[in-house]
Amino acid sequence: MKQKGNSIKVWDSFIRVFHGLLIVFLGGLWWTVENGRMELHKDIGVALLALLVVRIGWGIFGSENARFHVFLKSPAAILKHLRRLFSGAYEAENTHSVAGGWAVVLMLALLLSQVMTGLFSTDGILFSGPLSNWLSSDGQKAVTSWHKSQFDVILVVIAIHILAVVFYRFKGTPLIASMVHGYRITKQQAPNLKPGWQGMILAVAVWLVLMLLL
């Protein structure tokens, strides 16, 4: 179904850069583990933590449509959205879809948990996270096991996300294109967007602080 309405800007530059960096960082985290580059793995993990902290803050104080209270809806709203989507009656919004909003929260929670457990993880030989000494030996083993297995869960969620993006595209809503250039065709009013550079500068500042602390 071809979307109707006007082309409006729905995503600020911070949100778009955030999504792009997630792909780069997750790929880098996988590659560093596969190639034994654990110090670089830690550095990328710290950068990802800084990005996640600012994205969560952006969900509270950032652009109007990036705020959690705007796109998080009730389970009943999710069912209604899915019925409209499958029936071909769905029209693009100026924020995350009802189902997509909860997917965002799930992914943020998983990634934050992954980064935090990484700080406490250790292989007992070549690498230990900067906070691993805070735990007992048994605690380190449990967190390390959690950290490893949780990445598989993240991969499954990513695969489901990709399938959902393809499905939305099939239904006439090009989510990837909107996240690249920031615009979407919709009948809804343009949201109040904050300058994305503010979020990016804040992310760099948080990253520098974390690098000093960790």
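Read-outs: derived from the displayed coordinates by stated rules, not from any lab. The structure presented is a predicted model; accordingly, all values stated were derived computationally and were not measured.
Between the Cα long axis of helix 13-34 and the first principal axis of the chain there is an angle of about 40°, rounded to the nearest 10. Taking only Cα atoms, what is the 0 to 90° angle, nearest 10, from helix 137-170's long axis to the longest principal axis of the chain? So the inclination is approximately 20 degrees. Convex hull volume of the Cα atoms of the range 6-213, normalised per residue: 127 Å³. Close Lys pairs in the range 6-213, defined as Cα atoms under 18 Å apart and 8 or more places apart or on different chains, number 6.
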